[in-house]
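Participant: After the structure tokens below, expect a handful of questions from me.
The values are calculated or read from the model by the stated rules, or taken from the named source; none is laboratory data. Just so you know, these numbers come straight off a predicted model, no measurement behind them. Positions of Cβ are generated from backbone atoms using ideal geometry, with glycine treated the same way; all protein chains shown enter the neighbour counts.
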Amino acid sequence: MKHILLLALFLIITGVPKAHSQSSLSTKITVKEDSPTVLHLFKQIEATNLFDLAYSGNYVDVQQTISIPNDNSTVQELLKVTNDATHTTFRQRGRQIMLIAEPSRYTISGYISDAASGENLIGANAFEKTSLQGTSSNTYGFYSLTLPATSDSTTIIYSYVGYQPQAVSLVLTQDTTINITLQDNALLDEVVITASEADKIQEVTQMSTISVPIEQIKSMPAFLGEVDVLKTLQLLPGVQSGNEGTSGIYVRGGGPDQNLILLDGVPVYNASHLFGFFSVFNADAINNVQLIKGGFPARYGGRLSSVIDISMKEGNMNEFHGEGSIGLVASKLTLEGPILKGKTSFIVSGRRTYIDLLTRPLIRAASEVNGTGGYYFYDLNAKVNHRFSDKDRLYLSAYLGDDRFSAESKDEYVEQGIELEDSFRAGLNWGNITSALRWNHVFNNKLFSNLTLTYSRYRFNIESGFTFEYVQEEEKVTNKGDVQYLSGIQDFAAKLDFDFIPSPNHYIRYGVNAIRHRFNPGAFSVFNDDADFPLDTTLNSVNFRANEFAAYVEDDWQISNRLKVNLGLHLSAFDVGDAFYYSLQPRVAARYLLSDKFSLKASYARMTQFVHLLTNSGVGLPTDLWVPATELVPPQQSHQVALGAARSLSNKYEISLEGYYKTMDNVIEYKEGASFAAPGQDWQDLVEIGDGWSYGTELLLQKKVGKTTGWLGYTLSWTNRQFDNLNFGRAFPYKYDRRHDASIAVVHQWKKNREFSFTWVYGTGNAITIPRSLYAAQESSNSQGFFGAPTPNTFNPGEVYYYGERNSYRMAAYHRLDASVTFRKDTRWGQRAWVFAVYNAYSRQNPFFIYYTGFGETSRFRQFSLFPIIPSVSYRFEF
Amino acid sequence: MTRNQLFAYFFALIVLGSCETVIDVDLPVEPTRLVVNGFINPDSAVTVRISKSKFVLDRAESFTLVEDAQAVLFENGQEITQLNHVGTGLYTSPYRPQVGQQYTIQVDADGLESVEASSEIVKTVEIARLTADSIRRENGSVCSNGDCVPTFTTAYRFQMTFTDFEERDNFYEVVSYVVVRDSFPVFDDANPGGPIEYEIFTERRRAFLISDDPVVSSSEFDFGDGGFFGSSLLFTDDIFSGRSYTLNFTTEGAFGGKITQLTVMLRTLSVDQYEYLRTLQLQEFNEGDPFSEVVPVYNNIENGFGIFAGYSADSVVVDID
């Protein structure tokens, strides 16, 4: 008995043979310190002589301190606490405890889309509830969130403005794919409005960026029944319209060619119909619109002043739907639906005006020469997309649009018993085609890629032709002639973009793209089959081929809880003829959270633009020419610094204040007196190169949720230009130097099916040049015919106008109120709405242009105003 | 239809509902200034016309001449002569300026700010050779009872050779005058039905010139419709600097009457005259076009308006039989 006890004691003291038994983890140890280092803790565990601890210094930092839960803990508890702190787990074999590094993070990724239609939700948020670590979905709805593994459950919240947030709880033990669909608030009977934490404006690093929900755009009062995306953007601070009614965009003192307007990633050169009274974007087919005025992320390049990134809808994946409207001036129809439910969908959207049908009889009645004329425009968007799997998706899209104006006159008469007819026709047309093929490929749950191939073409032409018939030797002879002026630009492009999201602290984007441009700034052809003087020539202005390349890398880096920085570099190069230009453009934007409601932002961006728009400073005509930078005309460059603050007020309002300073180099203007690059003339000889600079502050108060939504914006700004050969080399205000620019846009839902909206805009008048004095011209210089050499005793000179400083006169201020009211009703097939709108509700005569006329007694300035009050009605339907 | 007409038509179409009003423009009244106009050259007496400028909204129907000004001419900084008023704002002096010299004019008048301007008489580029031939050009037809007969006009075609100076930028104007013998009918009220006699007179008229020579058509004055604005040809030496050049040009249009003498003149202009003529023609061309940018006309009169410029000329007279 004594021997057995001794043996047992011996065995206990020397320890249990390792292969067959384990030291108990429930052994309790009293730890000497409250927060020992890992090294000390392990020493104390080993001091029990029950365990041998093994670990690698590579993944365990022995100096790291561990907080001990209580004085007397089991070894198991101590090991757990150590694991949590060092991201390890342990394995036990007998006495030996090994600490193993475990994959510390797992990735949740997938797509966020609209529950009803399956459309990608762009910029939707996905964040972890407790730590608030999160990310947002990209243009294709893809998101990737990498989080540390915990043995408890983790809750991810998905949210997007205008949609019901959704929460998903899971225990994160492996990489997971979660595809989420969110419910549109508008479709719910009872809506709980919560602007979730991550939607707040102050969170977004990207400053100078405004995202307007498409539903808000569609609720704005429409011009002649047509809701317009670009017109709505003109209502935001920092963005100005040029002339009355036109959709030219002037951002922070920049010109109308300095905006990168992207339609599904393809740049659009001329985004207007009818001189800019309408834009080419059909609001029914749009998913998302984002405007960036400064602090441009590195993935964008090629224009100085703004990026307008428009994503079109892809087509409802689940059900067939349509919507459309019939208005006074134009009608449109959109059809979308699945081809293979859940896998393939299409959307087709078209719009056409019928002004020509309305005006044709009026013109015929008014015309003396049996003339007729008309104008119409149309747009067509067609897209199809297919989901091969969660990893691959293909999109094919095309846009076609054209404006056509024509005039004709005919004269029939009889001569010598033979019937003759003279006819004359003139036409003007311009339009775009853009097409894109895109392939999304998900390499792994952290790396998303997109390959885009595009073709786009913009052209305009003016044509006039005639037919004369006459009698010669008792026979009818026909003489036909034709003059055509054609100008255009054609692009072939390829882009490869990657989104790499290794952790919530870094969102890395990088990519390359190449564009092959072909510029044709003006070709002129004349044809005339006259027997005596036949003519068939084509005079080309020089045809430019140019290649543009760009590469970029950027990182959205969360440095600390408060500080987030977007750092990027954009490198671009341009190769045209003998000239080669390149530009290295650093981009930095930072956001610092002062509190969870208030943030400060700062940014710097350098931009380069390799194309110019030669525009006549009068009205934005389709005769505006796109020309490339060449050896003689260098690319435009800008530097922009911006500083701002953003704050959320009571979860509903967002207010931001931003100041900027921007310099622009190598901007171009036509030489004094030149108004049009005539065919045969080289445009390079007609331009002056100069500089511009602008600065100002913008205030924006926005409400995105609730029954009443909208915004209030105010901009105070200055913008000037200086050209050595214009205005005697002195600086002058840019034509669109608008000192004050204010706008209010409000949409109010007053009953379930009644909506009311109004917009009011105010702007200081444009800066123009008008004559100040007249004086006599030197007489012998006048173009004389051949009669009348100048005689000294008669004083009958021509007049010379003296204008003073360029752009030194301001037209009267521009202000206008538009309003609309919508009555919706559910029908058995869908929904219909009557929309009554009024443009320029108090019929202010806003100056369009001013000109001087007369002499002496009759001398006066006349002002031309374009639109008085214009009511309109349209019928909208959805099914 | 010119493109501007096309746009006008287009605009008319869409602005059916638009309004045009006369507005009150709040403009500060511009002070009246002296206007001095004169081209001086070695072949004629120095003559300038002096008038007053007019505020743009001034109701006066014409420009006011200045008849009480003091005008003094300086040659290379030395006072040379006073100009005397000879009527209708014309001030002249028998002095003839000389090639290669700088001239300054100073004008004072009561109640107006004094003005001053300078220019030079440029070294003459001589016409080395001029050939002329006449061509008949069909310019229409006259029809009666279906019977049509073409009508012709005589045009003159020239080739002029000259050599440019290398050491400076040169500006040229080619001008042509004709002397015509013409008649006009005299009617007597007492004798209705045809003219009783024709009165014959001789008159000097300026010829309208056109050219498709690259030196001219590449300049800013070719507005693309094949024509050329202005009755003279204006060009610079950019293309042929320092070299000899032969310019081709023709007269355009009908002269009326019989031409007895034809003069072709090659003027070597000061930069002041060239810039003035260039900008004035541009301003006139764009008048009425609301889409073009305004053109400030070149003005070398300090504190005033107008042009004081020098040129020298060489001419060749062609006798027509």
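Participant: Is it fair to say B:PHE184 is exposed (fewer than 14 other Cβ atoms within 10 Å of the Cβ) and of a type in the set (Phe, Trp, Tyr)?
Facilitator: For B:PHE184, the condition - exposed (fewer than 14 other Cβ atoms within 10 Å of the Cβ) and of a type in the set (Phe, Trp, Tyr) - is met.
Residue-by-condition table, conditions (1) assigned to a loop (DSSP other than H, G, I, E, B); (2) more than 18 Å from B:VAL318 (Cα to Cα); (3) modelled with pLDDT of 90 or more:
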{"site": "B:GLY100", "(1), (2), (3)": "yes, yes, yes"}
{"site": "B:VAL107", "(1), (2), (3)": "no, yes, yes"}
{"site": "B:VAL149", "(1), (2), (3)": "no, yes, no"}
{"site": "B:GLU166", "(1), (2), (3)": "yes, yes, no"}
{"site": "B:PHE184", "(1), (2), (3)": "no, yes, no"}
{"site": "B:ALA190", "(1), (2), (3)": "yes, yes, no"}
{"site": "B:GLU203", "(1), (2), (3)": "no, no, no"}
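Participant: Follow-up question, since we're still on this one. Only residues that are basic (Lys, Arg) and assigned to a strand (DSSP E or B): list them for the stretch A:817-833, please.
Facilitator: Scanning the stretch A:817-833 gives A:ARG824, A:LYS825, A:ARG832.
Participant: Yes or no: the stretch B:152-169 includes at least one residue that is free of Cβ contacts under 8 Å to residues at least 60 places away in the same chain and more than 20 Å from B:SER312 (Cα to Cα).
Facilitator: Looking through the stretch B:152-169, at least one residue is free of Cβ contacts under 8 Å to residues at least 60 places away in the same chain and more than 20 Å from B:SER312 (Cα to Cα).
Participant: Continuing with the same structure: For the stretch A:117-133: of the residues being in contact with a Gly (Cβ under 7 Å, 6 or more places away or on another chain) and assigned to a loop (DSSP other than H, G, I, E, B), which is modelled with the highest pLDDT?
Facilitator: Checked the stretch A:117-133; the qualifying residue modelled with the highest pLDDT is A:LEU121.
Participant: Sticking with this one: If you take the residues in the stretch A:845-879 that are more than 22 Å from A:GLU244 (Cα to Cα), touching a residue at least 24 places away in the same chain (Cβ under 8 Å) and surrounded by fewer than 18 Cβ atoms within 10 Å (Cβ to Cβ), which one is farthest from the other protein chains (Cβ to nearest Cβ)?
Facilitator: The residue in question is A:PHE879.
Participant: Among the strands (runs of 3 or more DSSP E) confined wholly to the stretch A:371-473, which include 1 or more residues that are more than 13 Å from chain B (Cβ to nearest Cβ) and more than 26 Å from the chain's Cα centre (by Cα)?
Facilitator: In the stretch A:371-473, A:392-415, A:418-444, A:447-472 are the strands (runs of 3 or more DSSP E) which contain 1 or more residues that are more than 13 Å from chain B (Cβ to nearest Cβ) and more than 26 Å from the chain's Cα centre (by Cα).
Participant: Is it true that some residue in the stretch A:101-116 is polar (S, T, N, Q) and not in a strand (DSSP E or B)?
Facilitator: Yes: the stretch A:101-116 contains one or more residues that are polar (S, T, N, Q) and not in a strand (DSSP E or B).
Participant: Out of all the residues in the stretch B:61-81, is one or more in contact with a helix residue (DSSP H, G or I) (Cβ under 6 Å, 6 or more places away or on another chain) and closer than 30 Å to A:GLY854 by Cβ?
Facilitator: Looking for residues that are in contact with a helix residue (DSSP H, G or I) (Cβ under 6 Å, 6 or more places away or on another chain) and closer than 30 Å to A:GLY854 by Cβ, one finds at least one in the stretch B:61-81, hence yes.
Participant: Right, here's the next one. For the stretch A:546-563, which positions are more than 25 Å from A:VAL512 (Cα to Cα) and of a type outside the set (S, T, N, Q)?
Facilitator: A:ILE559, A:ARG562, A:LEU563
Participant: Now for a different question. Take the residues in the stretch A:575-606 that are in contact with a His (Cβ under 9 Å, 6 or more places away or on another chain) and in contact (Cβ under 8 Å) with a residue 24 or more places away in the chain, then tell me which one is farthest from A:THR135 (Cα to Cα).
Facilitator: Only one residue fits best here, namely A:VAL576.
Participant: Moving on to the next point. Quick one: is A:VAL667 away from chain B (no Cβ under 12 Å) and under 28 Å from A:TYR581 (Cβ atoms)?
Facilitator: Judged against the criteria, A:VAL667 is a match.
Participant: For the stretch A:238-294, please list each of the strands (runs of 3 or more DSSP E) lying entirely inside it that holds at least 3 residues being within 14 Å of another protein chain (Cβ to nearest Cβ), surrounded by 22 or more Cβ atoms within 10 Å (Cβ to Cβ) and touching a residue at least 60 places away in the same chain (Cβ under 8 Å).
Facilitator: Answer list for the stretch A:238-294: none.
Participant: Out of the residues in the stretch A:480-496 that are small (Gly, Ala, Ser) and within 14 Å of chain B (Cβ to nearest Cβ), which is nearest to A:SER464 (Cα to Cα)?
Facilitator: A:GLY481
Participant: Out of all the residues in the stretch A:218-227, which are surrounded by fewer than 22 Cβ atoms within 10 Å (Cβ to Cβ) and either part of a loop (DSSP other than H, G, I, E, B) or touching a Ser or Thr at 6+ places or on another chain (Cβ under 6 Å) (or both)?
Facilitator: Selection gives A:LEU224 alone.
Participant: Checking A:PHE836 against (1) within 31 Å of the chain's Cα centre (by Cα); (2) aromatic (Phe, Trp, Tyr); (3) at pLDDT 80 or above; (4) crowded, with 19+ Cβ neighbours inside 10 Å, only one condition comes out false. Which one?
Facilitator: For A:PHE836, the exception is condition (4).
Participant: Could you grab me the full set of residues in the stretch A:719-763 that are part of a loop (DSSP other than H, G, I, E, B), surrounded by fewer than 19 Cβ atoms within 10 Å (Cβ to Cβ) and modelled with pLDDT of 90 or more?
Facilitator: Within the stretch A:719-763, A:ASP724, A:ARG730, A:ALA731, A:ARG739 qualify.
Participant: If we keep just the residues of the stretch B:28-55 that are within 7 Å of chain A (Cβ to nearest Cβ) and assigned to a loop (DSSP other than H, G, I, E, B), which is farthest from the chain's Cα centre (by Cα)?
Facilitator: B:GLU30
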